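In what follows, a single structure is set out as structure tokens and then discussed.
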Amino acid sequence: MKKVIIIDDEAPARSLIKEFLEDYEDLVLLEECNNGVDAVTAINTFKPDLIFLDIQMPGLTGFEVLKRLEEMPQVIFSTAYDQYALKAFEVHAVDYLLKPFKKERFDEAIQKLMTNSKGYLSQIQTLVNSLNEQESYLINILVSVKNKLINIPTDQIIQIKAEGNYARLTTTNGSYLSSYGISKLEEKLNPQQFIRVHRSTIINITCVKEVYSYPSSYEVVMKNEDVVKVSRSYLDNIRRLIV
């Protein structure tokens, strides 16, 4: 069984999707939402497996909804003609229903999702990360955990350590591996909040508990009690914080 939520500000569109869903016994409708704000609450509460998500909605757009989710479900977008949205979908091979859509197109989208569910989640991850990249700095990062995507607000990140071509995010809720490398993350994170203290380490200065000063080095104690050594090349980044 897959749990389903429909999000669309137009009642006829929600009714049409409900009608088409009747042919799929394994897809169980849990909730309907007519705006983006309610959608975020419903999705984070019920943790559906699949959502039908309109793009143009009051409160929050469909893309803004995705950025606020704790876990990423599978997504089938629905939209009236929107050149920006359609280009984003096509670039990342994410399926969508262009309104007004018919039963045959609906069935095609469902079958595509069911035959490549894991790959489809990866495509959604790439899409949302690319949307985040269009902002000045990342406010959320999606990371893959087994067969789902976890949404991490960047202000929950305590420190970041390089792991080969990847990066380990230590957060207030656990540890996650990001497919972004540490240098890429440094470019995308707000430098007023995140500073490099070592070739392999970035820290969130809002999570610093104490700094120990030695003749030629510093040690930073984070709020989770992790101790981070500052390498000689990055001493100035800490000194700039001292007033």
Quiz item: Among the residues of the stretch 8-28, how many are in a loop (DSSP other than H, G, I, E, B) and either buried (at least 20 other Cβ atoms within 10 Å of the Cβ) or among the basic types (Lys, Arg) (or both)?
Solution: 1
Quiz item: Identify, please: which residue in the stretch 142-171 is out of contact with any helix residue (DSSP H, G or I) (no Cβ under 7 Å at 6 or more places or on another chain), of a type in the set (Ser, Thr, Tyr) and modelled with pLDDT of 90 or more and is, among those, farthest from residue 199 (Cα to Cα)?
Solution: 170
Quiz item: Scanning for something at pLDDT 85 or above, hydrophobic (A, V, I, L, M, F, W, C) and within 30 Å of residue 173 (Cα to Cα), does the stretch 7-26 turn up at least one residue?
Solution: yes
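The values are calculated or read from the model by the stated rules, or taken from the named source; none is laboratory data. Remember, predicted model here, so these are calculated numbers, not experimental data. Here the Cβ is made from the backbone with ideal geometry for all residues, glycine too, and neighbour counts use every protein chain on show.
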